[in-house]
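The values are calculated or read from the model by the stated rules, or taken from the named source; none is laboratory data. Since this is a predicted model, take the numbers as computed values, not measurements. Glycine also receives a Cβ, built like all others from the backbone with ideal geometry; neighbour counts cover every protein chain displayed.
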Amino acid sequence: MGDRVKLEIMTTLLVKNAMVLATMNAQKLEIKGAGLFARDGVIEQVAPTSQLPTTADVVLDLTDHVVLPGLVNTHHHFYQTLTRAVVGAQNANLFSWLKTLYPIWARLTPEAMRVSTQLALAELARSGCTTASDHHYIFPNGCTLDDQILAARAVGLRLHASRGSMSLGESAGGLPPDHVVEVEDFILRDSQRLIETYHDPKPGAMTRVVLAPCSPFSVTPDLMRESARMARAYKVMLHTHLAETKDEQDFCLAQFGKRPVALMEDLGWLERDVWFAHAVHVNDLEITQFATCGCGAAHCPSSNMRLASGIAPLRKYLKAGVNVGLGVDGSASNDGSSLLLEARQAMLLSRLEIAEKERRNEAFDAAQLSAREALEVATIGGAKVLGRDDIGSLEVGKRADFFAVNLNRLEFAGAWHDPIAAVVFCATPKVDLTVVEGRIIVQNGELVTLETGSLIERHNRLAKDLVNG
């Protein structure tokens with residue numbers, strides 16, 4: 001695939017000779033012996049190689065490769081890479097897990113936030129991710145969302161930076177300790193500042209800002225309402241955790257007399273500009289509400305399994321027409337950041353759900369989620385969840401965001417019958433190539449925009465300091 005290319009604007013890019021290119025467009029077109037031609041980060045042609053131009057400023061010969069649209073991560077907590085596999089949180093459910101980790105996260109520093117952002121994005125990029133949404137809600141010791149946004153630029157992925165928040169401490173009936181929550185007036189002022197400073201609404205935007213109060217058990221209803229008002233005034237998206245566990249459901253019933261989804265409806269959050277992380281514990285009526293209002297869900301199968309939270313009704317969501325994307329979630333509840341493996345996990349977990357319902361003699365839909373459906377959720381599905389129509393598929397006019405996997409590798413031996421399905425079924429550890437806006441981010445399986453050895457060294461030092469106090 002040639003020499004490494006620095007992160008810089010390319011005038012033209014030619015991809016040729018791919019074994020198969022999956023567009024993920026409305027017609028689900030898959031083209032053999034194909035490629036694409038892009039100019040200034042925008043796709044101008046997707047076609048068999050014989051129909052493409054023969055020259056460009058950068059030419060990538062992807063013989064033996066599968067080419068797919070860049071994966072879209074709809075929920076993450078980058079800073080949690082610093083607290084993977086923490087001993088006291090390994091075997092806990094969500095609320096106990098949070099109570100164990102809140103005191104550790106309270107020691108987060110701006111440097112730790114910057115380094116963990118870059119490490120998480122590097123890991124995502126090596127899994128074929130080209131756009132990532134991060135939900136950051138804890139800001140001790142001078143940390144700001146600026147630290148994340150500016151650090152992310154060096155990696156080169158698109159970032160939807162969520163200005164999260166916690167304002168309801170233990171003394172007021174919330175879950176987080178009082179010393180990690182913020183004053184609501186400050187949260188709103190800072191949210192406005194971040195939108196005005198960094199949010200880019202234009203097609204091809206590399207940075208967008210999202211308003212994201214953390215959860216029903218860590219903020220007040222007033223903050224949820226005011227955040228929604230501000231988001232709509234500035235036309236930015238809204239995000240929060242919702243219906244993740246039965247504990248959260250019990251909390252909402254005890255505190256508000258309503259289930260989590262009904263609470264969101266009262267607060268004006270069941271709208272097209274909203275997506276919810278997890279959305280595991282919902283009933284059929286609530287799924288219909290999501291479909292009707294157009295709000296989306298970030299499905300996080302590994303995290304939900306890790307914390308024993310439950311299985312989100314992915315196939316019901318898709319059948320009802322709910323916009324669903326995938327999220328790797330925090331790297332302290334996964335504990336990894338591979339979005340391609342998350343697509344595989346989503347496929348497998350949906351099949352386990354069928355077996356469980358059959359075992360309990362419950363009604364179920366026997367149609368299994370396919371590898372292609374999992375990839376659709378991870379690509380065009382995620383783009384819809386984030387409110388973007390410029391990414392998620394390989395089509396003329398969309399951005400040149402894609403990844404490629406070489407099937408001439410050990411883990412794919414014997415899997416040439418269906419190359420696209422093989423990328424999901426064969427547990428791909430990392431991709432060979434990731435391109436964002438026509439720029440190479442990962443080549444030959446390695447990040448080319450940052451030196452990862454020193455990044456890992458700095459990250460490990462900061463992680464030890466954070467956990468050991």
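Out of the residues in segment 380-435 that are aliphatic (A, V, I, L, M) and part of a strand (DSSP E or B), state the one that is nearest to residue 24 (Cα to Cα).
Applying the filter and picking the extreme gives 404.
Out of the residues in segment 333-360 meeting the condition of being outside any helix (DSSP H, G or I) and either surrounded by fewer than 24 Cβ atoms within 10 Å (Cβ to Cβ) or basic (Lys, Arg) (or both), tell me which one is modelled with the lowest pLDDT.
For segment 333-360, the residue satisfying everything is 360.
Which of the helices (runs of 4 or more DSSP H) found entirely inside segment 272-322 contain at least 2 residues meeting this: over 16 Å from residue 376 (Cα atoms) and not aromatic (Phe, Trp, Tyr)?
The helices (runs of 4 or more DSSP H) meeting that bar are 284-293, 301-306.
Just give me the residues in segment 292-315 being free of Cβ contacts under 8 Å to residues at least 40 places away in the same chain and farther than 23 Å from residue 214 by Cα, in sequence order.
Within segment 292-315, 292 is the sole residue that qualifies.
State whether one or more residues within segment 442-451 are surrounded by fewer than 22 Cβ atoms within 10 Å (Cβ to Cβ) and over 30 Å from residue 205 (Cα atoms).
Looking for residues that are surrounded by fewer than 22 Cβ atoms within 10 Å (Cβ to Cβ) and over 30 Å from residue 205 (Cα atoms), one finds none in segment 442-451, hence no.
Any residue in segment 436-460 that's among the charged types (D, E, K, R): show its pairings with residues that are part of a loop (DSSP other than H, G, I, E, B) and at pLDDT 95 or above at Cβ separation under 7 Å, as long as the two are six or more apart or on different chains.
437/41; 437/204; 437/400; 437/401; 439/156
Please count how many residues of segment 179-197 are assigned to a helix (DSSP H, G or I) and surrounded by 18 or more Cβ atoms within 10 Å (Cβ to Cβ).
Number satisfying all stated conditions: 7.
Taking segment 107-145 as the region of interest, how many residues are of a type outside the set (A, V, I, L, M), crowded, with 24+ Cβ neighbours inside 10 Å and without any contact (Cβ under 8 Å) to a residue 40 or more places away in the chain?
1
Go through segment 60-106 and give me each residue that's β-branched (Val, Ile, Thr) and either in contact (Cβ under 8 Å) with a residue 12 or more places away in the chain or in contact with a Phe, Trp or Tyr (Cβ under 9 Å, 6 or more places away or on another chain) (or both).
Listed by number, the residues that qualify are 63, 66, 67, 72, 74, 81, 83, 86, 100, 104.
Of the residues that make up segment 88-98, is at least one under 21 Å from residue 305 (Cα atoms), aromatic (Phe, Trp, Tyr) and part of a helix (DSSP H, G or I)?
Within segment 88-98, one or more residues are under 21 Å from residue 305 (Cα atoms), aromatic (Phe, Trp, Tyr) and part of a helix (DSSP H, G or I).
For segment 233-271, how many residues meet the condition of being in a helix (DSSP H, G or I) and either surrounded by fewer than 16 Cβ atoms within 10 Å (Cβ to Cβ) or charged (D, E, K, R) (or both)?
So the count comes out to 12.
Determine whether residue 428 is surrounded by 20 or more Cβ atoms within 10 Å (Cβ to Cβ) and hydroxyl-bearing (Ser, Thr, Tyr). So that I can check it myself, show each step before the final result.
Numbers: surrounded by 20 or more Cβ atoms within 10 Å (Cβ to Cβ): yes; hydroxyl-bearing (Ser, Thr, Tyr): yes.
Considered against the rule, which asks whether it is surrounded by 20 or more Cβ atoms within 10 Å (Cβ to Cβ) and hydroxyl-bearing (Ser, Thr, Tyr), residue 428 comes out as yes.
Taking segment 146-171 on its own, how many of its residues are assigned to a helix (DSSP H, G or I) and either outside the structural domain of residue 214 (by TED's automatic domain parsing) or touching a residue at least 24 places away in the same chain (Cβ under 8 Å) (or both)? Show your work before the answer.
Filtering segment 146-171 down to residues assigned to a helix (DSSP H, G or I) leaves 146-152, 170-171.
Restricting the remaining residues to those that are either outside the structural domain of residue 214 (by TED's automatic domain parsing) or touching a residue at least 24 places away in the same chain (Cβ under 8 Å) (or both) gives 146-152.
Count: 7.
Given the conditions (1) part of a strand (DSSP E or B); (2) closer than 30 Å to residue 413 by Cα, report the number of the one that residue 43 does not fulfil.
Status for residue 43: all satisfied but (2).
Just a yes or no: is a residue in segment 324-331 modelled with pLDDT of 95 or more, farther than 23 Å from residue 84 by Cα and in contact with a helix residue (DSSP H, G or I) (Cβ under 9 Å, 6 or more places away or on another chain)?
Yes, the conditions are met somewhere in segment 324-331.
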